[in-house]
Structure formats: C-alpha cells, structure tokens
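Each reported figure results from applying straightforward, stated rules to the coordinates on display, with no laboratory input. As the structure is a computational prediction, the values presented were derived from the model and not from experiment. Cβ coordinates were reconstructed from backbone atoms using ideal geometry, including for glycine residues, and neighbour counts include every protein chain displayed.
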Amino acid sequence: MAKRYTDKSGNARDLTEKQRNFCYNVVSGETLFDSYIKAGYRLEGKRATAQAKASHLFAMPHIQDFIKELREQNASLSIWTRDETLKKLKKIADDALEAAQPVMRGRDGEACRDENGKIIRGYDPPSATVALKAIQQAATMCGFNAPIETEQKVIIEMPDIMKEWAK
C-alpha cells in the first residue's frame with residue numbers, strides 16, 4: 001500500500017518500504033529502536049545514534065499519520081473494545097453474584113422466609129468465585145490495584161581513599 005505525503009519542498013512522495021515497515025512494527029508493539037532495525041535500517045555506530053534516528057523518524061508527521069491510520073484500522077478489526085470487555089466482565093460478575101445467593105425454595109416452589117418475612121438466600125461458592133475473578137480482572141484493567149511495593153537493599157563498598165574523603 002503506497003501512502004503519499006508532502007515533503008518539506010511541497011513535493012508529493014510515497015512512504016518508502018522501510019518507513020512502512022517501521023510503522024507496522026511500531027503498531028505491533030515493538031520499541032522504536034527495534035522497529036527501526038527490523039524495518040531494515042542499519043545500525044551504524046552507536047546504539048544511541050540509531051535510537052535518535054528512530055525517534056526522529058517516529059516524529060515525522062507523515063509517519064505519525066500512517067501509524068494513526070494503522071491503529072484505527074486495527075481498532076475497527078478488534079472483536080471487543082476495552083469498554084465492551086469491561087461491560088462483559090461486569091455482566092459476568094453481576095450474574096455470578098446473583099447466582100451466588102440463590103433464593104431458598106420450599107417443596108411448594110415458594111421462596112422460604114425467615115420469621116420477619118425476609119427471603120432466605122443460600123450461598124454458592126463456585127458462583128462467588130466466578131464473580132470475584134471477573135471483578136479482579138476488571139480492577140486490573142482499570143488500574144485500580146495498588147502498586148506492588150518492593151524493598152531492595154543496596155550495599156556499596158567504598159575504597160579506603162573515599163572513606164578518608166568522606167570524613
């Protein structure tokens with residue numbers, strides 16, 4: 001697919017094969033550096049130079065336009081959007097919570113009631129587990145989980161001469 005853009009001189013040009021491949025790689029989730037190398041650009045000199053060139057390429061308006069177009073195409077092909085997924089998880093959780101507390105029924109099929117006339121509900125652990133899993137997944141997708149804290153201990157041995165300077 002030849003994608004046209006206007007260069008700085010006002011001339012209409014097509015994206016090169018490398019530019020298109022770079023865009024495809026970016027949209028597929030590769031880092032800018034990996035997208036740059038996988039697209040066929042050579043690593044000349046230091047890695048930092050290639051990273052800078054990849055960033056420069058990524059910032060070009062015609063590259064941004066093509067990446068945006070590819071992302072829109074991917075979104076239209078998605079089976080479920082994020083919102084649809086969250087709605088489905090909510091429905092699963094709601095249905096499972098309802099099933100987790102079924103109404104107890106007597107032999108006549110009527111709901112059992114306590115001495116105050118309140119309907120007695122049972123408890124179904126498998127349904128409660130399904131509800132909990134759906135809620136946990138939705139919380140993870142929404143970023144509701146607290147950050148995981150880790151503790152690291154670093155010991156730095158200073159040479160004797162530096163210990164003298166530190167005094």
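Whose amide H sits under 5 Å from the amide H of R105, counting only residues 5 or more places off or on another chain, with H placed in the peptide plane?
C112
Determine, at each q value in 0.11, 0.23, 0.27 (inverse angstroms), the log₁₀ of I(q)/I(0) that the Debye formula gives when each Cα of region 4-77 is one equal point scatterer.
Each listed q maps to, in turn, -0.28, -1.04, -1.25.
Can you compute the helix-only [θ] at 222 nm over the chain? Use -39500 (n - 2.57) per DSSP H run of at least 4 residues, normalise by all residues, nearest 500 deg cm²/dmol. Spell out each step's value before the answer.
On the way: 7 runs with 92 residues, N = 167.
Counting only the DSSP helices, I get -17500 deg cm²/dmol.
R13's amide H: which non-local residues (gap 5+, or another chain) put their own amide H closer than 5 Å, with H modeled 1.01 Å from N in plane and none for Pro or chain starts?
Y5, T6, D7
Which value results when the Cα radius of gyration for region 82-142 is divided by 2.2 N^0.38 Å? Write down the numbers at each step before the final one.
Working: Rg = 15.1 Å, N = 61, 2.2 N^0.38 = 10.5 Å.
Cα-based Rg divided by the globular estimate yields 1.44.
Can you flag which of K18/K68; K88/K118; K68/K90; K90/K118; K133/K153; K91/K133 are past 24 Å Cα-Cα?
On the way: K18/K68 17 Å; K88/K118 31 Å; K68/K90 30 Å; K90/K118 27 Å; K133/K153 35 Å; K91/K133 12 Å.
Beyond 24 Å: K88/K118; K68/K90; K90/K118; K133/K153.
Kindly rank 115-122, 10-17, 36-43, 88-95 from highest to lowest mean number of other beta carbons found within 10 Å of each residue. It would help to have the intermediate numbers written out before the result.
Values: 115-122: 9.2, 10-17: 11.5, 36-43: 16.4, 88-95: 14.9.
Descending packing order for the listed peptides: 36-43, 88-95, 10-17, 115-122.
What number do you get for the chain when its Cα radius of gyration is normalised by 2.2 N^0.38 Å, N = residues?
Values: Rg = 29.4 Å, N = 167, 2.2 N^0.38 = 15.4 Å.
Dividing the Cα Rg of the chain by 2.2 N^0.38 Å gives 1.91.
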